[in-house]
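Undergrad: Have a look at the structure that comes next, please.
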Amino acid sequence: MSLLLLFLIWYNVEYSMHKVKAYQVNSPELPKKLLIATQGSAFKDSLTQKIISHYKRDPLFIKVIDISNLAEINPENYNALVLIHTWENYKPPTDVKNFIERTTAYKDRIIVFTSSGQGNFKMDEVDALTGESKLENVDYFTNKIIKRVNPLFTETN
């Protein structure tokens, strides 16, 4: 029993996501707005930075938050919302699930990337991108996310 407890503690410390400190890029007064809600890990931090690098010179406001703060977000205030999360204990994080459920009217503005060990788990009702959290895949998934986000800035929301 002690070994199992030690294993669970080690696993939680080794693989748990750290909380992301919220920050903004560019002026919130800009007409186009992108929200990135993510969890902290080397892979997710790299993915977030690549997305920001792609858009930071555009006339676009970018806000980055931890997924635990999704309850405070009104999707109406953003042209695009990117959710980056890990599949945890055979399900999405509660904050992501609750956000998706309460924002179904805005599902066309929401791009979800779900990472998991096997790279194929996602919420049934969400057209999510999925993959493994491997640093060598950051550019590949950044490009896939950007391809889904770009049309949202040309459409009228």
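The values are calculated or read from the model by the stated rules, or taken from the named source; none is laboratory data. The structure displayed is predicted, hence computed values, not measured ones. Heads up, the Cβs are rebuilt from the backbone with ideal geometry, glycines too, and the neighbour counts pull from every protein chain shown.
Undergrad: Is it true that some residue in segment 123-132 is within 15 Å of the chain's Cα centre (by Cα) and at pLDDT 90 or above?
TA: For segment 123-132, residues within 15 Å of the chain's Cα centre (by Cα) and at pLDDT 90 or above: absent.
Undergrad: Being loosely packed, with under 14 Cβ neighbours inside 10 Å and either more than 19 Å from Gln39 (Cβ to Cβ) or modelled with pLDDT of 95 or more (or both) is the filter here; which residues of segment 133-143 pass it?
TA: Within segment 133-143, Glu136, Asp139, Tyr140, Asn143 qualify.
Undergrad: Let me ask something else about it. Filter segment 83-102 down to residues that are aliphatic (A, V, I, L, M) and in contact with a Ser or Thr (Cβ under 8 Å, 6 or more places away or on another chain), then give me how many there are.
TA: 2
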